Amino acid sequence: MEYKNILFSVEEGIATITFNRPKALNAMNPEILSEFLDAATICKKDDNIKVLILTGSGDKAFVAGADISHMQNLCAQDALAFMEMGHQTLRLVEEMPKASIAAINGFALGGGTEISMACDIRIASEKAVFGQPEILIGLIPGWGGTQRLPRLVGMGIAKEIILGGGQIDAKRAYEIGLVNRVVPAADLMVEAKKFAKKLASMPPFTMKMAKYSINYGYDLALDNANKLEVECCAQCFSTADQKEGMKAFLEKRKPNFTGR
Ligand code: CO8
C-alpha cells in the first residue's frame with residue numbers, strides 16, 4: 001500500500017509509524033486510518049520488527065482526534081464502520097505479540113488519547129495535551145476511550161475527563177497514571193527509541209507471553225487470571241531463551257537470546 005498520510009520506517013528492529021497530516025493536526029480520516037491499519041498489520045506479522053513506536057509529525061500534534069469534517073455528516077451505519085475500523089486497528093496494536101510505545105509529541109485529543117492508550121507504554125513530551133472532548137461536539141468516545149481510560153486511571157477520573165470534556169496537560173497525565181513518563185520535547189524520540197531498543201532486546205516469546213497474560217488476564221476473575229498466568233509462564237520453559245537467560249545469570253554474563 002502506498003502511504004500518503006503516514007511515514008513508516010524500520011530501523012534495527014524498531015518500526016516507527018508517524019501520523020503525517022499536519023494541516024489537520026494529524027486528525028484521523030478513513031485514509032490515514034487505513035494506512036495506519038496496514039502498517040500496524042505489517043508490524044504484527046514481520047518477525048524482524050520487535051517494537052512499534054507511534055508518533056505525530058511536527059511539534060504540535062500527536063493526533064487531534066478523529067476528523068470532524070469527515071464525521072459531521074456521517075449516517076449511523078458509516079459512523080459504525082469508521083468506529084469498527086478504529087477498534088480493529090487499536091486492538092491489533094494492543095494485542096500484537098511485541099511491545100508498542102506511543103511517543104506523544106503534542107495534542108492527543110479524542111481519538112489521539114485513544115490511540116495512545118492502545119499502546120503498551122506512553123511517553124509524553126512536556127507539550128503533550130490529552131483529553132476526551134467528544135462530548136463538546138455531541139459524541140462520546142468511540143475508539144475505546146470509555147473502556148481503556150477507566151482501566152488506566154480509575155472510574156472517577158475517567159468520568160471527570162469524559163463528562164467534562166476538558167484538556168489535561170502532560171504533568172497531570174503523569175499524576176493520574178495516563179502516561180508512564182514525561183520528557184522534554186527535544187528528548188522525546190531519543191527517549192522513546194532508547195526504551196524501544198531495550199524492549200527489542202528482550203526474548204520475543206517471553207514478551208508475547210507477558211503481554212498475553214496481562215491483556216487476557218486483566219478482565220478475568222483472579223483465580224482464572226492466575227491460571228492463565230501459570231500457563232503462560234510454563235510455556236516460557238519450552239524456549240531456548242529461558243534456558244539461556246538463566247544460564248547467563250548463573251554464569252554472571254549477558255544473555256544471548258536467539259528468539260527460539
Ligand atoms: N478534525 C478535523 N480537523 C481538525 C481536527 C479534527 N479533530 N483538529 C484540528 N483540526 C484542524 C482545524 O480545523 C484546523 O484546520 P484549518 O487550518 O483548515 O482551519 C487545523 O487543524 C488547525 O487547528 P486549529 O486552528 O483549531 O488549531 P488550534 O491550535 O487553535 O487548536 C486544537 C488545536 C485544540 C487541537 C483544536 O484544533 C481542537 O480542538 N481540535 C479538535 C479536537 C477534538 O475535538 N478531537 C476529538 C474529535 S472526536 C474523536 O476523536 C472521536 C474518536 C472516535 C469516534 C469515531 C466516531 C465515528
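Just so it is clear, none of the values below were taken in a lab; they were calculated from the coordinates. Remember, predicted model here, so these are calculated numbers, not experimental data. Please note: Cβ atoms are built from the backbone with ideal geometry, for glycine as well, and neighbour counts cover all protein chains shown.
Here are a few things to note about the model shown:
- Degrees separating the helix 222-236 axis from the principal Cα axis of the chain, which is the longest one: 50 degrees
- Euclidean distance of C-alpha centroids, region 187-209 and region 1-39, integer Å: 20 Å
- Geometric extent, Cα atoms of the chain - Rg, Dmax (angstrom): 18.9, 65
- Counting DSSP beta bridges with both ends in the chain, the antiparallel % (nearest 5): 25 percent
- Three-way shape label, region 78-131, alpha-carbon gyration tensor, a/c 1.5: oblate
- Centre separation in Å (Cα based) which lies between region 232-260 and region 106-158: 37 Å
- Cβ-defined net charge surrounding S34, 14 Å radius [Lys, Arg +1; Asp, Glu -1]: -4
- Taking a sphere under 12 Å around the Cβ of S116 and counting the other residues whose Cβ falls inside, with K and R at +1 and D and E at -1, yields a net charge of -1.
- Alpha carbon convex hull of region 152-240, projected area averaged over orientations, nm²: 8.0 nm²
- Extension gain, N215 to E126, is 29.2 nm, computed as 0.36 nm per intervening residue step minus the present C-alpha separation.
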